[in-house]
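Structure, as structure tokens:
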Amino acid sequence: MLKIYGIKNCNSMKKAFDALNEKGLSYEFHDYKKQGIDAETLKIWLEKIGADTVLNKKGTTWRKLSADEQQHALSSETHLIDTLVAHPSLIKRPVLQTASGYLVGFDEAAYQQLSAS
């Protein structure tokens, strides 16, 4: 079963939901704005996907952090996880967990390759 993480009212999320629904794929949605995100999940993501892919430095949430806060977040994995737990909008979206790994961000071609298996 697919599990998609993100924020409901996000354009990338809407595209991802539409693509999954069009293909008739069932999925579980985890809204980390409402449900939060735990350190364990983030640790797995950072190991499997990497901080550069998980952390959205282009968004307004990152730009609103002070230079000291940004530097602190990037100083260690623990600090980054703490920052992401405190500010889940810093996580790129969507994060789609599949049987074979993760897709981060919406990529039409990658979503078209998904199957029900």
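The values are calculated or read from the model by the stated rules, or taken from the named source; none is laboratory data. As the structure is a computational prediction, the values presented were derived from the model and not from experiment. Quick reminder, even Gly has a Cβ in these numbers, built from the backbone with ideal geometry, and neighbours come from all protein chains shown. Each accessible area value is taken on the protein alone, full model and side chains, heavy atoms only, with ligands, DNA and RNA left out. Shrake-Rupley method; radii C 1.70, N 1.55, O 1.52, S 1.80 Å.
The set of residues in the range 56-79 that are among the small types (Gly, Ala, Ser) and either within 17 Å of VAL104 (Cβ to Cβ) or in contact (Cβ under 8 Å) with a residue 60 or more places away in the chain (or both) contains only GLY59. Every test in (1) farther than 13 Å from VAL104 by Cα; (2) in contact (Cβ under 8 Å) with a residue 60 or more places away in the chain; (3) part of a helix (DSSP H, G or I) is passed by MET13 save one, and that test is (1).
Residue-wise test of (1) buried (at least 16 other Cβ atoms within 10 Å of the Cβ); (2) at pLDDT below 95.
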{"site": "LYS8", "(1), (2)": "no, yes"}
{"site": "ALA19", "(1), (2)": "yes, no"}
{"site": "THR41", "(1), (2)": "yes, no"}
{"site": "GLU47", "(1), (2)": "no, no"}
{"site": "ASP52", "(1), (2)": "no, no"}
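LEU114 falls short on exactly one of the conditions (1) touching a Pro at 6+ places or on another chain (Cβ under 9 Å); (2) in a loop (DSSP other than H, G, I, E, B), and that condition is (1).
Against the conditions (1) in a loop (DSSP other than H, G, I, E, B); (2) open to solvent by less than 80 Å² (accessible area, probe 1.4 Å); (3) within 19 Å of ASN9 (Cα to Cα), where does GLN35 fall short? Just the number, please. Among (1) in a loop (DSSP other than H, G, I, E, B); (2) open to solvent by less than 80 Å² (accessible area, probe 1.4 Å); (3) within 19 Å of ASN9 (Cα to Cα), the lone unmet condition for GLN35 is (2). Reported count of residues in the range 80-108, each being part of a helix (DSSP H, G or I) and either open to solvent by less than 60 Å² (accessible area, probe 1.4 Å) or in contact (Cβ under 8 Å) with a residue 60 or more places away in the chain (or both), is 8. Flag: GLN71 matches the condition of being more than 15 Å from ILE7 (Cα to Cα), over 12 Å from the mean Cα position of the chain (by Cα), among the polar types (S, T, N, Q) and open to solvent by 30 Å² or more (accessible area, probe 1.4 Å).
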